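The values are calculated or read from the model by the stated rules, or taken from the named source; none is laboratory data. Keep in mind that this is a model prediction, so the values were computed, not measured. Methodologically, a virtual Cβ is constructed for each residue, glycine included, from the backbone with ideal geometry; neighbour enumeration extends over all protein chains shown. The protein model used for the area step is the full one, side chains on, heavy atoms only, and it has no ligands, DNA or RNA in it. Shrake-Rupley method; radii C 1.70, N 1.55, O 1.52, S 1.80 Å.
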Amino acid sequence: MYHSISVGNSLRIPEAQFAHQMQWLQKNGYYTLTPAEAIEVFKTHKKPANKIVWITFDDGYKDNYEKAYPALKKYHKKATINYITNHFGHKNKLTMPQMNEMRQSGLVTIESHTVHHEELNQMTDAQQTSEFVDSKKWLNDKFHQQTSIICYPVGRFNDQTPKLAQAAGYKLGLTTLPGLANENQGLFTLHRVRISPDLSDTSYQYLLEHGM
């Protein structure tokens with residue numbers, strides 16, 4: 001789980017560190033998953049490679065294109081960007097040409113991080129459904145795709161959220177609960193590994209192998 005490729009807080013990863021981590025994944029034989037491949041892994045238990053990782057970015061910052069995408073291209077690593085659809089047009093968020101260029105490369109997929117990025121556990125069922133359905137429609141219309149991944153804002157959800165996400169047509173739901181994802185968590189409450197700045201290679205490897 002990445003956010004911004006910049007400096008300033010614990011959610012931001014410096015550009016050089018991100019590039020180094022992509023190089024490390026390449027050197028150590030890690031295969032990076034698309035959303036479709038991730039769904040296949042969870043549903044069939046068939047892996048496209050022995051060592052797999054699913055790289056996700058939350059929010060859709062412009063620096064994902066400016067600073068992460070060059071490293072993804074250089075080391076041919078795939079990633080999923082979970083985009084807040086109502087933030088389209090904000091100066092620090094991805095533009096349509098940037099998203100289209102990344103998508104057309106085959107390396108980057110754009111999925112949903114809801115419309116407004118508000119905490120779902122504070123919403124009614126109808127409000128949650130609107131966030132899921134409206135963001136999915138926006139992404140489907142803009143990119144001529146079938147959006148299949150929902151990433152919950154700040155990882156918050158309630159008991160109804162997984163059911164509502166599935167009813168809205170998503171295949172997997174992502175939280176910020178720490179650890180490696182597995183199907184026993186529920187396909188709509190999957191855990192993720194948060195990548196923090198200044199990780200050593202040893203720490204990065206430990207996170208990939210153990211989750212925390």
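Okay, here's what the table says:
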item: Whether the range 29-98 is rounded, prolate or oblate, judged on the alpha carbon gyration tensor where a/c under 1.5 counts as rounded; result: oblate
item: Unit charges on C-beta of K, R, D, E only; dipole of the chain, Debye; result: 580
item: The chain: angle of helix 35-44 to the longest principal axis, Cα-based, in degrees nearest 10; result: 80
item: Computed [θ] at 222 nm, deg cm²/dmol, the chain (DSSP H ≥ 4; -39,500 (n - 2.57); rounded to nearest 500); result: -10500 deg cm²/dmol
item: Förster radius 35 Å - calculated FRET efficiency between Val53 and Lys163, Cβ distance, rounded to 0.05; result: 0.80
item: Over 29 Å (Cα to Cα) - which of Lys91/Lys136; Lys74/Lys142; Lys46/Lys78; Lys51/Lys163 fall in this group; result: Lys51/Lys163
item: Rounded to the nearest 10 Å², the accessible area of Ile55 at probe 1.4 Å; result: 10
item: Probe 1.4 Å - accessible area at Glu15, Å² to nearest ten; result: 90
item: Distance between modelled label sites at Glu101 and Asn184, nm, 7 Å Cα→Cβ extension; result: 4.4
item: Inter-part distance where the range 1-58 and the range 148-203 are each reduced to a Cα centre, Å; result: 14
item: Cα gyration tensor shape of the range 58-206, rounded if a/c is under 1.5, else prolate or oblate by comparing a/b with b/c; result: oblate
item: Dipole-positive endmost among Val108, Gln26, His87 within the chain (Cβ charges, Cα centre); result: Gln26
item: Calculated FRET efficiency for the pair Trp24/Gln146, C-beta based, R₀ 22 Å, to 0.05; result: 0.10
item: Rounded accessible area per residue of the chain, 1.4 Å, Å²; result: 47
item: Relative packing of peptides 185-191, 197-203 - highest average C-beta neighbours within 10 Å first; result: 185-191, 197-203
item: 3J(HN,Hα) from dihedral phi, the range 10-25, Karplus parametrisation 6.51/-1.76/1.60, rounded to Hz, x for glycine, proline; result: 6, 8, 9, 10, x, 4, 5, 5, 4, 4, 5, 5, 5, 5, 4, 4
item: Whole-percent carbon and sulfur share, accessible surface of the range 84-212, 1.4 Å; result: 49
